[in-house]
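One structure is given below, encoded as structure tokens.
The values are calculated or read from the model by the stated rules, or taken from the named source; none is laboratory data. What you are looking at is a predicted structure, and each value in this text was computed from that prediction instead of being measured. Note that we place each Cβ from the backbone using ideal geometry, even for glycine, and neighbour counts take in every protein chain shown.
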Amino acid sequence: MASLHFKFAAMNSGKSTQLIQAHFNYIERGMFPLAMTPECDSRYGKGIIGARVGLKLEVDVFDNDTNLFTTLETRSKEQKIDVFIVDEGQFLSRDQVYQLASVVDLLNIPVIVYGLKTDFKLEMFEGSYHLMCLADKVEELKTICWCGNKAHMNARVSDSGVVLREGEQVAIGGNELYVSLCRKHFMNGKASA
């Protein structure tokens, strides 16, 4: 029976590495995964999921207007889809999360979504909130703060390393813009030793 999985973590936890490995595992077993990433995340190029360890995967993109259920329904008539894997799930809209639930329930295609739970102000993203509500399985992937404790906060930092508390919810970036911190160091704004 198909299910909807949401795998979340702070920045730099290896989400993309795990996604690329999962995609590879399906192919290695002779199965047909379909992976997509939001068009707004072009850090590695449009339609490329990149991991800090050097792995890359070319995939299709979706935007805010993409109906993911219709997309999967159409594609599944053209080719077999054994799993649908979504990167950066925090950027999904409420409607798109409900469409993913319909992909599972009506098309019987498992869906695995990777993404952040909260932004740099500790507020949930729209997509993450609805994934937490609808997912059959929710799993937190672990990473560590500079102090060695569990990091589950995404701190946005300035060029000089100051933890920022104001700004737009979405600013696409990597290590140059974000650092994962434990709650203690996030709360006191200490981005490094």
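Tabulated results
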{"quantity": "Any hit, the range 56-69, residues being surrounded by fewer than 17 Cβ atoms within 10 Å (Cβ to Cβ), among the β-branched types (V, I, T) and part of a helix (DSSP H, G or I)", "calculated": "no"}
{"quantity": "Test: A51 is on the phi < 0 side of the Ramachandran plot, out of contact with any strand residue (DSSP E or B) (no Cβ under 7 Å at 6 or more places or on another chain) and modelled with pLDDT under 90", "calculated": "yes"}
{"quantity": "Sole residue being surrounded by fewer than 19 Cβ atoms within 10 Å (Cβ to Cβ), more than 30 Å from F186 (Cα to Cα) and touching a Leu at 6+ places or on another chain (Cβ under 9 Å), chosen from Q96, Q79", "calculated": "Q79"}
{"quantity": "Condition met for A22 (in contact with a helix residue (DSSP H, G or I) (Cβ under 9 Å, 6 or more places away or on another chain) and within 30 Å of Y178 (Cα to Cα))", "calculated": "no"}
{"quantity": "Near pairs, Cβ below 8 angstrom, 6+ apart or cross-chain, from the range 7-27 (β-branched (V, I, T)) to any residue that is at pLDDT 90 or above", "calculated": "I27/P33"}
{"quantity": "Enumeration of residues in the range 149-167 that are surrounded by 12 or more Cβ atoms within 10 Å (Cβ to Cβ), at pLDDT 80 or above and either more than 27 Å from E139 (Cβ to Cβ) or of a type in the set (A, V, I, L, M) (or both)", "calculated": "A151, M153, A155, V157"}
{"quantity": "The range 75-92: number of residues that are over 19 Å from E39 (Cα atoms) and under 17 Å from the mean Cα position of the chain (by Cα)", "calculated": "1"}
{"quantity": "Candidate set from the range 1-27 (those that are surrounded by fewer than 16 Cβ atoms within 10 Å (Cβ to Cβ) and among the polar types (S, T, N, Q)); member that is farthest from I49 (Cα to Cα)", "calculated": "S3"}
{"quantity": "Top-ranked residue in the range 2-45 [being in contact with an Asp or Glu (Cβ under 7 Å, 6 or more places away or on another chain) and in a loop (DSSP other than H, G, I, E, B); ranked as farthest from F69 (Cα to Cα)]", "calculated": "A9"}
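Quick grid of which residues meet (1) free of Cβ contacts under 8 Å to residues at least 12 places away in the same chain; (2) touching a helix residue (DSSP H, G or I) at 6+ places or on another chain (Cβ under 9 Å):
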{"site": "A2", "(1), (2)": "no, yes"}
{"site": "G30", "(1), (2)": "yes, no"}
{"site": "F62", "(1), (2)": "no, yes"}
{"site": "D65", "(1), (2)": "yes, no"}
{"site": "L68", "(1), (2)": "no, yes"}
{"site": "R75", "(1), (2)": "no, no"}
{"site": "P110", "(1), (2)": "no, yes"}
{"site": "K117", "(1), (2)": "no, yes"}
